[in-house]
Structure formats: structure tokens, C-alpha cells
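These notes concern the structure reproduced below.
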Amino acid sequence: MTVDRKRPGRRPGAADTRGEILAAARKVFAEKGFDKATVRGIAREAKVDPALVHHYFETKEGMFAAAMRLPFSPENIVLVLVNGPREEVGERLVRMLLQVTASPETREPMLALIRSAMTNEQAVTMVREFFTNALLFQVADRLEVPYLRVEAAFAQMFGMVMARYVIKLEPMASAGHDELVALLAPTVQRYFTG
């Protein structure tokens, strides 16, 4: 007599397990917010073993970025900002954001997330928790900069994205990258170095 034991992990068949995990992650992040969502809870929602979630996504932050279809991983952004000369952090931040938002394929998921956050209380909580914990506080801690200063730099960049791509203010909307870097980087740098 053989016993058919269910093994955790991948389910039989041709299921899109990664896609199902992302769908579950979107649901759990929306319901609980970034901070309270857990890999175990997402695995439970997707009906897979938590080890399988870790197989597809190294970190909760990476899973969030993939679930929200963000064009960047938080770990990469933190590394770009903290590696290199401290007196060039402002330029690196402005240049990186302009590159990420340059094409519609990478810009649209970010704008969709921003729009959702502006009209939905659950979305704003999720976005706030993600940006503060996965990005802003990570950069602040590594560069030993007060949180308020890093949030001020973020606000400056958030305003630029809104003016350029949502409101489409001219000449901001059509200004070249180098022109915007020259204009914004010194102000952003001041937040990091005082």
C-alpha cells in the first residue's frame, strides 16, 4: 500500500507558480500593508511552501517591487546611492530617477503606484511603509543622515516626477536630463551633506 503524501513546494501541473505568488503578494500587501505582510502569509495565500517564495524572491522588498511591477529593486537603489563619493549622492539620485522614469515601460508602473497612493488609504500606507523602510531609512542609516533629510530629498524627487510626468509642467516636462541634474542635484545634495 502506498501513501500519497502531499509535499510542500511546487504544485503539480503547468501552473505559473511565480505569477500566482505575485498575485498573492499583491493581495496581501494591499490588505495588510508592506510592514505587516509576511513571506509566510504570502505563501499561505498562494498555497505554496514559504521556501518556494524565497526561491523566486530573495527579499520581501524584492517581492514587493516585482508584485507592484516597479522597474527597480530597492537593494540596487540603495547600493547606487551609498556607493561612491558622498559629495555626489545628489547627482546619483537625480540621474538614477531620471533614467528609471525615462521610458514609459519603466515610468508607468511607478506612476500607477503613486496615483493609487493618492486616492486609496490602503495603498498610501503600503507605499509609505515600502519607501520608508525598504529605501529611505536604509539610505539614511548607511549614510548616517537624519531621516528627515532623506525624506526631504525624496520629497524633492517626488515633486519633480509629479511635475514632469503627471502635471506635465513646461519646461520641466521637456527639459533634458543633464539640465535637470545641474538644476536639482545641488539642492538634493544639501539634504545629504548639510
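For the chain, find the longest principal axis of its Cα atoms and tell me its angle to the long axis of helix 89-100, 0 to 90°, nearest 10.
Result, in degrees: 60.
For the chain, what does the relative contact order come out to in percent, with C-alpha contacts under 8 Å and a separation of six or more? Present the calculation step by step, with values, prior to reporting the outcome.
Values: 184 pairs, mean separation 43.9, N = 194.
It comes to 23 percent, rounded to a whole number.
What list of ³J(HN,Hα) couplings, whole Hz, do you get for region 42-56 from phi and the Karplus terms 6.51, -1.76, 1.60, once you set θ to phi - 60° and write x for glycine and proline?
5, 4, 4, 4, 7, 6, 9, 6, x, 4, 6, 4, 5, 4, 7
Distance between the C-alpha centers of region 116-194 and region 19-38? Whole Å please.
Rounded to whole Å, the Cα centres lie 24 Å apart.
Give me a comma-separated list of calculated 3J(HN,Hα) values for region 67-74, in order, Karplus coefficients 6.51, -1.76, 1.60 applied at θ = phi - 60°, integers in Hz, x for any Gly or Pro.
My calculation for region 67-74 gives 5, 8, 6, 6, x, 8, 9, x Hz in order.
Could you calculate the contour length gain from Glu75 to Met96, that is, 0.36 nm times the residue separation minus the distance between their Cα atoms, to one decimal place in nm?
Details: separation 21, 0.36 × 21 = 7.56 nm, distance 1.36 nm.
Roughly 6.2 nm would be gained on extension.
Considering only DSSP states other than H, G, I, E and B, which chymotrypsin sites (Phe, Trp or Tyr not before Pro) in region 61-136 qualify as loop sites with at most 16 other Cβ atoms within 10 Å?
Working: sites: Phe64, Phe72, Phe130, Phe131; in loops: Phe72.
Answer in residue order: no site qualifies.
What stretch of the chain, leaving out the sites themselves, is the longest with no GluC sites (Glu not before Pro) in a DSSP loop having at most 11 other Cβ atoms within 10 Å? If you can, show how the numbers build up before the last one.
Working: sites that count: Glu58, Glu144.
Looking at the chain, 59-143 is the longest stretch - no exposed GluC sites (Glu not before Pro) with at most 11 other Cβ atoms within 10 Å.
So what are the ³J(HN,Hα) numbers for region 152-168, from phi and the Karplus equation (6.51, -1.76, 1.60; θ = phi - 60°), rounded to whole Hz, Gly and Pro as x?
5, 5, 4, 4, 4, 6, 4, x, 5, 4, 4, 5, 6, 10, 9, 7, 6
Starting from the Cα-Cα distance between Lys36 and Ser174, subtract it from 0.36 nm times their residue separation and give me the gain in nm to one decimal. Mind showing how you got there, number by number?
Working: separation 138, 0.36 × 138 = 49.68 nm, distance 3.99 nm.
Length gained, Lys36 through Ser174: 45.7 nm.
Which loop-located trypsin sites (Lys or Arg not before Pro) does region 86-194 contain, where loop means any DSSP state but H, G, I, E or B and the Cβ has at most 14 other Cβ atoms within 10 Å? Present the calculation step by step, with values, prior to reporting the outcome.
Working: sites: Arg86, Arg92, Arg95, Arg107, Arg115, Arg128, Arg142, Arg149, Arg164, Lys168, Arg190; in loops: Lys168.
Loop-located and lightly packed - Lys168.
Values quoted throughout were computed directly from the atomic coordinates according to the rules given, and no laboratory measurement underlies them. Predicted, not measured: the structure shown is a model, and the values here were computed from it. Positions of Cβ are generated from backbone atoms using ideal geometry, with glycine treated the same way; all protein chains shown enter the neighbour counts.
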